Amino acid sequence: MEYFVQQLIIGITLGSIYGLIAIGYTMVYGIIGMINFAHGDVFMVGGFIALIAFLALLAIGVTSIPIALFLVLLIAMALTALYGWTVERFAYRPLRHSYRLAPLISAIGMSIILQNYVQIAQGARVKPLPPIVTGSHTLMSSDGFDVELSNIQIIVVLTTVALMVSFSWLVAKTRLGRDMRACEQDLKMASLLGVNIDRTISLTFVIGAALASVAGIMYLLYYGVIDFYIGFVAGVKAFTAAVLGGIGSLPGAMLGGLLIGLIETFWSAYFSIEYKDVAAFSILIVVLIFLPTGILGRPEVEKV
Amino acid sequence: MSAAAEPILTVDRLSMRFGGLIAVDDVSFVAQRSDITALIGPNGAGKTTVFNCITGFYKPSAGLIRLQHPDGRAYLLERLLNFRVAKVARVARTFQNMRLFAGMTVLENLVVAQHNALMRASAFSFAGLFGLKSYRTAESAALDKAHYWLDRTGLLPRADDPAGSLAYGEQRRLEIARAMCTDPVLLCLDEPAAGLNARESAELNALLKFIRREHGISILLIEHDMSVVMEISDHIVVLDYGVKIADGTPEAIRNDPKVIAAYLGIEDDEVEKVEAEVGL
């Protein structure tokens, strides 16, 4: 029982990180129907920006952890958002009226560029961050096994919930959210009604990148190490989460992220850690056989 | 008809070719301000192609499309593409097969259409995010306008339902309401009466007359339903095989032998007689 609860905590934490990245995949797919393969690498860039910002803040003598965390959050979100904007502006927008596969190939290229750029600029070695947030609470204990809930896990889950709530509010209630939903349903019609679709698409990338950067910070704080290659693995997992939940659906991305996190954790805990990715992808295949549009996805209605 | 006839839309020698197919061949016509101008013709005559050129969907192969605003500013529509036709030149259109945002509510459909007004008021999102007063005022103005058009189109009770759940006739009216929310100077309607029953078509006539009378909006419409065309149009342009074959008042069109021939066809032994009449 204690072992199960411990794995549940770990799974939810991991799932939160996947969920934050998955939102970026699902939003971009919803609006322009392309898979942004560079999104995982934007997440990695966010992590690196956070690492550099942490070290820079320590160097100039900001020692209060809450202030440092808050500043890092702002810096990383802003700079990563800029990356998201740039990627869309230069790699995807010129190809939007080209054939369907062109932006996809461009995205794969962008992913390789970002990975190699970070590898060259930051080195290929794993970068550590000294533990910033420490401490944990023992929830229950028996037979010498303690169920630990660490402060960092609390921060990860709370931040994710807060971001998802505010993002859902943004989509449901604000003008920008309305424009985004209109673009998602009919891009051409939205433009005919005067919605500036270029701007709406740019903002979608910006918001997606900002959320991915938060996931990057959480990853960095949680694992304490980062390298140029984490974007690929996390990106594929988050993409799987988006597809599992139903690509194009926001609650789907959050649910999918959580499920992938839980599946991976429990599989590693009870069966074999080597096969955790196999487990996650197998579940994806099984779900897609029975629910081709994912768990919360809408069936695509072809317009005549 | 308006007191001083002045053109709002001048289509000058418009041609549209798709490869070897000439969909629209050298068509010219003028729509007067505050008039209802109808574009009619048999299927495949090129009506929708003309519409697509006017609303920026297609770039014409040749010709000029000039839109004159009431304040005197003029726009060459063939040079504006995409959302700029709606945003700058203020031309709104509806579609033969409706393109509502089916998953959004009826009210949201109308508020999205007021994007530009809200955009200015929200100072490009910043004021909106921080809930400044100027933005809240603009948003409540947008809601008022949406409610006004919902009331006019009889959709007020359905305001919070998803647009996709409306009946066919209601969706048609919502599309017109949405187009009006963009604050257009020219409203282009592609077969607004298609699929409507006699009562709904009569309501549509009343709505279009109301828009023209109370708001002074000029309307350009494509329509097959002659009860609509003949009752509300001030001016009719007839196309056949991409060529303009007639242009005039409803009475003149009704009696035009070319139009009758295009619509009803002619017997083989009448060909020479009709050709002589129409001067071929």
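We did not get these values from a lab; they are worked out from the coordinates using the rules stated. The shown structure was predicted, so the numbers you read here are calculated from the model rather than taken from an experiment. Note: ideal-geometry Cβ built from the backbone for every residue, glycine included; neighbour counts use all protein chains shown.
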Task: Separation between Cα centres of the stretch B:56-72 and the stretch A:1-46, rounded to whole Å - done: 48 Å
Task: Theoretical ellipticity at 222 nm over chain B - DSSP helices of four or more residues, -39500 (n - 2.57) apiece, nearest 500 - done: -11500 deg cm²/dmol
Task: Cut-off under 5 Å, modelled amide H: who pairs with B:A246 long-range - done: B:V238
Task: Charge sum, other residues only, whose C-beta stays under 15 Å from A:Y270's C-beta, Lys/Arg counted +1 and Asp/Glu -1 - done: -2
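In peptide B:103-111, how many Cβ atoms from other protein chains are near each Cβ within 10 Å, on average? Can you show the working numbers first?
Numbers: counts 5, 5, 0, 0, 0, 5, 5, 1, 4.
Shielding by partners across B:103-111 averages 3.
How big is the dipole moment of the stretch A:2-290 about its Cα centre under a simple scheme where the beta carbon of each Lys and Arg is +1, that of each Asp and Glu is -1, and everything else is neutral? Debye, nearest 20, please. All intermediate terms of the calculation are to be shown ahead of the outcome.
Numbers: 14 positive and 14 negative charges, 223 e Å.
Value, rounded to 20: 1080 debye.
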Open item on the list: Show me, for the stretch B:152-158, the HN-Hα J-couplings you get by feeding each phi into the Karplus relation (A = 6.51, B = -1.76, C = 1.60, θ = phi - 60°), rounded to Hz, glycine and proline as x.
Closed with: 4, 9, x, 9, 3, x, 9
Open item on the list: A 27 angstrom limit on the alpha carbon distance is what I want to check against. Which of A:K188/B:K145; B:K47/B:K258; A:K173/B:K87; B:K59/B:K145; A:K188/B:K47 exceed it?
Closed with: B:K59/B:K145
- [ ] Specify whether the C-alpha gyration tensor of chain B places it in the rounded, prolate or oblate class, a ≥ b ≥ c being the square roots of the eigenvalues: rounded for a/c under 1.5, otherwise prolate if a/b is larger than b/c and oblate if not.
- [x] prolate
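Enter the mean number of other protein chain beta carbons within 10 Å of the beta carbon of each residue in A:196-205, as an integer.
Numbers: counts 8, 2, 2, 4, 1, 0, 0, 1, 0, 0.
Taking the mean over all residues of the peptide, I get 2.
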Open item on the list: If you average the C-alpha positions of the stretch A:113-172 and of the stretch A:222-287 separately, how far apart do those two centres end up, in angstrom?
Closed with: 15 Å
Task: Net charge over other residues, Cβ less than 12 angstrom from the Cβ of B:P157 (K, R count +1; D, E count -1) - done: -3
